[in-house]
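*Asks:* Here's a structure for you.
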Amino acid sequence: MSTFTQLPGSLDITFVQGDEVSIALDFDRDLTGFTVSTVVYVTNVFAAGGGGSSFVTTVGETAATFAVSPTNLAQGQLLLGLSESQTSQLSPGIAYRWYMRWIDPALVTRTVLSGTVTVVNP
C-alpha cells in the first residue's frame, strides 16, 4: 500500500521568558514573492492564571506572532523574531506550539515548519 505524507519539518523552540528571540532560517529555494506567516498558539494550560491576568489561557488561542524579516529572499533566508515584550506575555505554566506557513507566488499554501514552544523561568 502506498502512502502520501506532507508534513512540516519539526523545529522545537525553548527560551527564557522575557528574552528576545531571533531565529535565522535558510531554505533551499528562492522565497521572493512568498507570503510568510507564523503563529504561536496555546495547547494546554498547566496553571490557572499563570501568575498574571495578561496570560492567554484558552486552548487554541493565538498567544504570539513572530515578526518575519527577510534577510536574503533570493537565497531563501528569513529571520523570525519575538520581542522581549512578547516573550514576557508567554507563561511557563502554559504549553504552546508554533507553525510557519507560506503562500508561494502561484498561491499554493504550505505549512513548512512546526513544533513545541517551551517557555522557562530564568
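*Asks:* Taking the condition of being under 25 Å from Arg29 (Cα atoms) and of a type in the set (Gly, Ala, Ser), how many residues in segment 91-122 meet it?
*Replies:* Number satisfying all stated conditions: 3.
*Asks:* Suppose we filter segment 29-43 for residues that are touching an Asp or Glu at 6+ places or on another chain (Cβ under 6 Å) and not aliphatic (A, V, I, L, M); how many remain? Step through it out loud before you land on a result.
*Replies:* First, the residues of segment 29-43 that are touching an Asp or Glu at 6+ places or on another chain (Cβ under 6 Å): 34, 42.
Pick out the ones that are also not aliphatic (A, V, I, L, M) and you get 34.
So the count comes out to 1.
*Asks:* Name the residues in segment 91-108 that are part of a strand (DSSP E or B), within 17 Å of Thr43 (Cβ to Cβ) and either at pLDDT below 95 or not basic (Lys, Arg) (or both), would you?
*Replies:* Correct list: Ile94, Ala95, Tyr96, Trp98, Tyr99, Met100.
*Asks:* Of all residues in segment 71-90 being surrounded by 14 or more Cβ atoms within 10 Å (Cβ to Cβ) and part of a strand (DSSP E or B), which is farthest from the chain's Cα centre (by Cα)?
*Replies:* That would be Gln77.
*Asks:* Could you tell me which numbered condition Gly49 fails, if it satisfies all but one of (1) in a loop (DSSP other than H, G, I, E, B); (2) of a type in the set (Gly, Ala, Ser); (3) surrounded by fewer than 13 Cβ atoms within 10 Å (Cβ to Cβ); (4) at pLDDT 95 or above?
*Replies:* For Gly49, the failing item is (4).
*Asks:* Also: Checking the condition part of a strand (DSSP E or B), aliphatic (A, V, I, L, M) and at pLDDT 95 or above, which residue from Val117, Val42 passes? Walk me through how you get there before you give the answer.
*Replies:* Details: Val42 fails: at pLDDT 95 or above.
Matching residue, one of Val117, Val42: Val117.
The values are calculated or read from the model by the stated rules, or taken from the named source; none is laboratory data. Because the structure is predicted, anything quoted here is derived from the model rather than measured. Please note: Cβ atoms are built from the backbone with ideal geometry, for glycine as well, and neighbour counts cover all protein chains shown.
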